[in-house]
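Contents: one structure, followed by commentary.
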Amino acid sequence: MSFEKFEVRVSTIKVLPLENIDTDQIIPARFLKTTTREGFGDNLFYDWRYNSDGSKNESFVINSVDNGAKFLVAGRNFGCGSSREHAAWALYDYGFRAVISSFFADIFRNNALNNGLLPVQVSDEFLSKIFSEADSDINAQIEINLKERSVKILSTGEYELFPIDDYKQSCLINGYDDIDFLCALKNKVEDFENRR
Amino acid sequence: MGKTIVDKIWESHIVSEIENGPSVLYIDRHFIHEVTSPQAFSGLDKRGLPVFRPGNTFATCDHNVPTKDQEKPIRDESSRIPVEKLAQNTQKHGISYFPLGHKNNGVVHIIGPELGLTQCGMTIVCGDSHTSTHGALGNIAFGIGTSEVEMVLATQTLLQKKPKQMLIKVEGALASGVCSKDIILYIISKLGTSSGTGYFVEFSGSTISALSMEERMTICNMSIEMGARGGIIAPDEVTIEYLEGREFSPKGENWKTMSRQWLSLKSDEDAHFDVVHIFNAEEIEPMITYGTNPGMGIPIGSRVPLITKESSQEASFMKSIEYMGFEMGERLIGKAIDYVFIGSCTNGRIEDFRAFASIVKGRKKSPDVVAWLVPGSKRVEGQIEKEGLGDILREAGFEIREPGCSACLGMNEDKVPAGKYAVSTSNRNFEGRQGPGARTILAGPYVAAAAAVTGVITDPREFL
Ligand code: SF4
């Protein structure tokens with residue numbers, strides 16, 4: 001799987017100020033039957049995005065805000081629940097390139113990183129600032145600088161640094177994934193097997 | 001300073017380390033199923049890579065299979081295709097596969113321990129978050145995403161950062177009518193659904209030691225619901241007795257050496273844990289959930305809590321209560337329910353069916369309830385009949401289905417309709433988990449059985 005390189009990006013945002021958004025909400029299980037990685041974006045947040053009769057839920061942010069946002073901003077503990085990588089695929093396929101939250105579930109974080117979707121972890125205070133910024137301006141812009149590991153509210157200039165390890169940072173900046181790296185280590189793996 | 005059991009297993013599986021980055025961790029056992037593996041195999045094909053160690057991977061189909069008429073071809077095409085792909089992929093790469101109807105088929109986390117494929121001291125992964133279940137046998141087991149499934153297939157390794165470590169001790173005797181599902185729902189209700197994020201959790205204490213192997217699996221299974229990477233319980237006599245003689249367990253001299261080695265595998269007295277929590281088992285009552293995450297649990301007789309917190313927390317809480325159709329401060333005992341599901345990798349083992357049968361025996365299923373009794377595996381299904389539980393259950397008006405994940409995630413036909421209440425022995429009460437609009441109340445097998453015969457939420461201790 002290859003993905004777009006990520007370095008500095010400025011984008012508008014869509015906000016979901018709810019906690020514990022689980023992967024069953026991001027992509028409900030009944031949409032997991034496809035055997036390819038593409039096309040999940042259409043079903044992203046399906047049960048929130050559409051009413052039970054199939055019509056659009058116009059008040060849900062994905063439908064109500066049309067600002068071309070590439071960043072999603074959500075409450076604490078985003079991506080908890082199942083390990084389905086389809087959640088990361090759906091967000092990426094829909095067009096998101098980063099998710100900003102004050103806390104991410106472990107497996108989701110790994111899945112996102114493996115698919116070029118950047119999880120940006122900020123403090124609860126900074127998250128609230130972004131939420132209120134979006135409240136006052138639907139087209140508020142955020143800048144994410146992966147090299148500097150910084151995330152900034154452009155209108156006010158307030159920023160925070162976010163954590164990411166060196167290895168993953170360079171994977172995302174260069175658009176390459178773990179498998180290439182691991183395949184190059186096969187001799188070491190064989191050595192390991194022989195010595196145990 | 002001493003080492004924890006996780007330190008010991010982790011360190012013995014490191015192939016190499018990246019500075020200020022993850023470790024390359026060797027994986028002993030890899031389980032795959034039809035839903036999270038197809039994209040991994042196509043990834044391999046695209047790169048032209050073979051499966052590096054096909055003997056270390058075992059496959060079953062479980063997530064979206066029907067739980068009736070399994071001998072017939074799967075009718076729903078969208079469910080059939082992933083199962084066919086799994087058959088093709090495993091055949092092409094020489095991986096052992098237990099298809100529908102095979103004596104070893106069943107929910108992936110049920111069959112691993114049951115077949116003795118899950119052993120002590122191993123590293124175990126599967127593209128499914130409840131891989132944490134296997135940790136009950138004293139190993140490092142955790143769920144992974146599909147890209148990681150591809151990595152394991154290609155290299156038998158994963159890049160992983162070592163998690164922090166938490167110790168949860170539970171001490172004291174459990175009251176009658178209280179089961180291990182209640183212990184873990186209680187713990188998560190106290191600590192919250194993200195309390196374990198970034199951690200591996202070791203469970204210990206006199207309560208845990210007194211549990212059977214299957215009860216321990218229920219605890220480790222749901223450690224992911226507190227956000228933990230996985231749960232682990234150090235091997236002891238219970239573990240060794242459980243593993244002895246299983247199909248893939250070591251045999252003969254090898255068994256003697258291995259079981260001795262396994263018994264010595266434990267955290268040192270002076271091992272360091274980043275966090276320690278201690279609970280008193282005597283305070284635990286039968287539990288149910290009232291909201292839309294597994295942390296929203298209460299003792300069955302208490303009221304839905306009141307919340308007066310701010311911002312996103314309050315919004316999430318209110319959304320959840322509204323979704324469930326409950327009111328703050330309301331008592332749930334006596335509320336009518338529509339469905340009962342017993343099954344899943346949390347409570348789909350033989351002991352769960354014994355517990356369920358012990359309550360419904362001599363009683364009748366409520367006519368207002370639709371009950372899905374879904375054994376976790378072919379072997380569990382066989383055992384139910386062998387022990388005569390099948391007759392007790394049918395006598396009481398229940399039907400036993402065939403193995404699969406079923407209503408745990410509603411990928412097959414077993415979906416709870418919108419607005420209906422289901423008392424479920426599974427692990428997740430997320431919005432829509434059991435079907436769009438479904439309202440899930442998580443509980444153990446006793447609570448599920450009591451609800452199945454009365455048609456309302458009932459304290460199972462009334463039936464003891
Ligand atoms: S029973 Fe439920 S939790 Fe367990 S593996 Fe199946 S879908 Fe996942």
So what are the ³J(HN,Hα) numbers for segment B:91-103, from phi and the Karplus equation (6.51, -1.76, 1.60; θ = phi - 60°), rounded to whole Hz, Gly and Pro as x?
5, 4, 9, x, 9, 5, 9, 9, x, 3, x, 5, 4
At a Förster radius of 22 Å, what calculated FRET efficiency corresponds to the Cβ-Cβ distance of A:VAL65 and B:ALA315, to the nearest 0.05?
0.80
Can you give the charge dipole size of segment A:23-120 about its Cα centre, rounded to the nearest 20 debye, using +1 on the beta carbon of Lys and Arg and -1 on the beta carbon of Asp and Glu?
220 debye
For segment B:9-160, build the charge dipole from Cβ charges (+1 Lys, Arg; -1 Asp, Glu) around the Cα centre, then report which of B:GLY138, B:VAL107, B:GLY21 sits farthest towards its positive end.
B:VAL107
Explain nothing, just compute: Karplus ³J(HN,Hα) = 6.51 cos²θ - 1.76 cosθ + 1.60, θ = phi - 60°, for every residue of segment B:287-298 in order, whole Hz, x for Gly and Pro.
10, 9, 9, 10, x, 10, 9, x, x, 8, x, 9
Normalised contact order of chain B, rounded percent, pairs of Cα under 8 Å and 6 or more residues apart:
17 percent
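Round to the nearest 0.05 the FRET efficiency obtained for B:GLN88 and B:ASN56 when R0 = 22 Å and r is the Cβ-Cβ distance.
0.65
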Based on Cβ point charges of +1 for Lys and Arg and -1 for Asp and Glu, what charge dipole magnitude is obtained for the protein assembly as shown about its Cα centre, in debye rounded to the nearest 20?
1000 debye
Probe radius 1.4 Å, ligands and nucleic acids left out: which of A:TRP89, A:TRP48 has the largest accessible area, and how do the rest follow?
A:TRP48, A:TRP89
In nanometres, what is the gap between the two model label sites at A:ASP124 and A:TYR176, each 7 Å from Cα along Cα-to-Cβ?
4.1 nm
Whole Å is fine, so just give me how far the alpha carbon centre of segment B:409-451 lies from that of segment B:283-361.
10 Å
Put +1 on the Cβ of every Lys and Arg and -1 on every Asp and Glu Cβ in the protein assembly as shown; which of B:PRO403, A:SER83, A:SER55 then has its Cα farthest towards the positive end of the dipole?
B:PRO403
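With a cut-off of 8 Å between alpha carbons and a minimum separation of six or more residues, what is the relative contact order of segment B:9-160 in percent?
33 percent
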Alpha carbon centroid spacing (whole Å) that separates segment B:120-134 from segment B:137-180
6 Å
Which residues in segment B:327-353 place their backbone N less than 13 Å from a point set 7 Å from the Cα of B:ILE307 along the Cα-to-Cβ direction?
B:327-329
With every protein chain in place, what's the accessible area of B:THR292 (1.4 Å probe, Å², nearest 10)?
20 Å²
Could you give me D for the protein assembly as shown, from Stokes-Einstein at 20 °C and 1.002 mPa s, where the hydrodynamic radius is the Kirkwood radius over C-alpha pairs? Units µm² s⁻¹, please.
86 µm²/s
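With +1 on the Cβ of every Lys and Arg and -1 on the Cβ of every Asp and Glu, and nothing else charged, how large is the dipole of segment A:8-195 about its Cα centre, in debye rounded to the nearest 20?
280 debye
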Say a paramagnetic label sat at a point 7 Å from the Cα of B:ARG354, along Cα to Cβ; which residues of segment B:197-222 have their backbone N under 13 Å from it?
B:211-216
Would you kindly find the accessible area of B:LEU158, with a 1.4 Å probe and non-protein molecules such as ligands, DNA and RNA excluded, rounding to the nearest 10 Å²?
0 Å²
For a quick protection proxy, order the peptides B:395-404, A:186-195, A:101-110 by their average other-Cβ count within 10 Å, most packed first.
A:101-110, B:395-404, A:186-195
What is the calculated FRET efficiency for A:GLU4 to B:VAL275, with r their C-beta to C-beta distance and R₀ = 41 Å, to the nearest 0.05?
0.60
Could you work out, residue by residue across A:126-136, how many beta carbons of other chains sit within 10 Å of that residue's beta carbon, and then give the average as an integer?
1
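Report for the protein assembly as shown the percent antiparallel among DSSP-assigned beta bridges with both residues inside it, nearest 5. Provide the component values of the computation, followed by the final result.
Details: 26 of 80 bridges.
So the antiparallel bridges in the protein assembly as shown amount to around 30 percent.
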Accessible area in the full protein assembly, largest first, 1.4 Å probe, for B:ILE18, B:ILE168:
B:ILE18, B:ILE168
With an 8 Å Cα cut-off and a minimum separation of 6 or more residues, compute the relative contact order for segment A:8-195 in percent.
22 percent
Given A:SER101, B:ALA87, B:THR425, which one lies farthest toward the positive end of the charge dipole of the protein assembly as shown, if we put +1 on the Cβ of every Lys and Arg and -1 on the Cβ of every Asp and Glu?
B:ALA87
Return, ordered by residue number, the residues of segment B:348-381 whose backbone nitrogen is under 17 Å from a label point located 7 Å along Cα→Cβ of B:LYS68.
B:369-375
Can you work out the Karplus-derived ³J(HN,Hα) for every residue in segment B:350-359? Use 6.51 cos²θ - 1.76 cosθ + 1.60 with θ = phi - 60°, whole Hz, and x for glycine or proline.
4, 4, 5, 6, 5, 4, 4, 5, 4, 8
Using only Cα atoms, locate the centre of segment A:55-117 and the centre of segment A:133-186, then give the distance between them in Å, rounded to an integer.
14 Å
Hey, can you grab everything whose amide H is under 5 Å from the amide H of B:GLY116? Only 5+ residues off in sequence or another chain; H modelled, so Pro and N-termini drop out.
B:PHE248
Heavy-atom accessible area order for B:LEU167, B:LEU174, largest first, 1.4 Å probe:
B:LEU174, B:LEU167
Report the label-to-label distance for A:SER150 and B:GLU399 in nanometres (one decimal), using points 7 Å from each Cα along the Cα→Cβ vector.
6.5 nm
With every protein chain in place, what's the accessible area of B:GLU244 (1.4 Å probe, Å², nearest 10)?
110 Å²
For chain A, built as a Gaussian network whose Cα springs stay under 10 Å, the top-fluctuating residue of A:GLY157, A:GLY95, A:GLY79:
A:GLY157
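The values are calculated or read from the model by the stated rules, or taken from the named source; none is laboratory data. On a predicted model such as this, the values are computed, not experimentally measured, just so you know. Neighbour counts run over all protein chains shown; Cβ positions are idealised from the backbone, glycine included. Side chains are part of the model used for accessible areas, which takes the heavy atoms of the whole protein and leaves out ligands, DNA and RNA. Shrake-Rupley method; radii C 1.70, N 1.55, O 1.52, S 1.80 Å.
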